[in-house]
Every structure is written in C-alpha cells, then in structure tokens.
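S.K.: So that we are looking at the same thing, I have put the structure below in structure tokens.
Read the figures in this text as sums done on the coordinates, not as results from a lab. Note that this is a predicted model, so its numbers are computed, not measured. Using ideal geometry, Cβ is built from the backbone for each residue, glycine included, and neighbour counts are taken over all protein chains shown.
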Amino acid sequence: MADDRDDMDEMEEMDENSIEVPEGTAIFPEIPDQVGANPLLLSLLHFVVFIAGSDEAVCNQEAGAAILDQVATYLQRLSTKEVARLKEDLAVLAAFARDQKWEAGTVEVLDTFLDDMGVGEGE
C-alpha cells in the first residue's frame, strides 16, 4: 500500500508540461471545476475523445472501436433520470466551450455525444 501511495504522490507532482504526448494524440480540453459538470462525465469525455480521435500510431482503431461499442452499451443502461442529468451537463459544457471559442469539432463532440453513444434515442 505504501508503494501505491508513493506512486500516486509522484504522479501528482508531475508537471503536465513534462509529459511528452505523441503527435496524433486526441486530447479534449481541460474543464475547470467551476463549470460544475459531473467529473465522471468529464473523465469519460476525455477517454472517448482519446480513443476515437487519436491516430492509428497512438491507438489501434479496431481495438478502440470495440471498446467504444462496449462503453456505449453501458451508457445505454442509464435510467431516464441519469440521461437527463448528462444532457444538462453536456449543455452546460457546450455553452462553456462556445464561450471559450473552442474549435467547432470539439463543441460538436459535446453536442452529439449521447446520440453517438446511442443514448436517449427515441425520446
């Protein structure tokens, strides 16, 4: 356990600028805490953008597609109330992104995320 804590402390001390990110890596912009979106949703957005948007040299596209299909399956299990909350958070995030003048493709991810995952269809 002590080793795990030491590893976590070391990771927290790392400066983001010291991490070399390979070219072709899709990275979603950082969302400040003040936006108020669910941190699990933010984590999922970062993950999905990385898997779906990174070049083949960074992430195997066939494996990524299989993983994203499974993620979509899990998201489709959400209750109507949970989907409504996600829609609210995504609307807030999209408004924030537009206010910050993010690239159109990044805003589109927020606007289409649930539809792309097959969540809330038919509503």
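S.K.: For Ser18, Ser54, what's the fewest-to-most ordering of other Cβ within 10 Å of each Cβ? Present the calculation step by step, with values, prior to reporting the outcome.
M.R.: On the way: Ser18 7, Ser54 18.
Result, fewest neighbours first: Ser18, Ser54.
S.K.: State whether the range 40-123 is rounded, prolate or oblate according to the following rule on the C-alpha gyration tensor (a ≥ b ≥ c being the square roots of its eigenvalues): a/c under 1.5 gives rounded; otherwise a/b larger than b/c gives prolate, and the remaining case gives oblate.
M.R.: Numbers: a/c = 2.26, a/b = 1.12, b/c = 2.01.
Oblate shape, in that a/c is at least 1.5 and b/c is the bigger or equal ratio.
S.K.: What's the FRET efficiency of Glu62 with Glu23 using the Cβ-Cβ distance as r and R₀ = 30 Å, to the nearest 0.05? Walk me through the numbers before you get to the answer.
M.R.: Working: r = 21 Å, r/R0 = 0.70.
For Glu62 and Glu23, the calculated efficiency is 0.90.
S.K.: Further question on the same structure: What does the net charge come to around Gln70 if you take all other residues with beta carbon closer than 15 Å to its beta carbon, with K and R at +1 and D and E at -1? If you can, show how the numbers build up before the last one.
M.R.: On the way: positive: Arg77; negative: Glu62, Asp69, Asp116.
Once all neighbours under 15 Å are counted, the net charge is -2.
S.K.: If each of Arg98 and Ala84 carries a label point 7 Å out from its Cα toward its Cβ, how far apart are those two points in nm?
M.R.: Result for the modelled spin labels: 2.3 nm.
S.K.: On a full-extension model of 0.36 nm per residue, what is the gain between Ala52 and Ala72, subtracting their alpha-carbon distance, rounded to one decimal in nm?
M.R.: Details: separation 20, 0.36 × 20 = 7.20 nm, distance 1.25 nm.
Extra length from Ala52 to Ala72 when fully extended: 6.0 nm.
S.K.: While we're on this one: So how far apart, in nm, are the two label points at Thr106 and Ala91 if each is 7 Å from Cα heading toward Cβ?
M.R.: Distance between label points: 2.3 nm.
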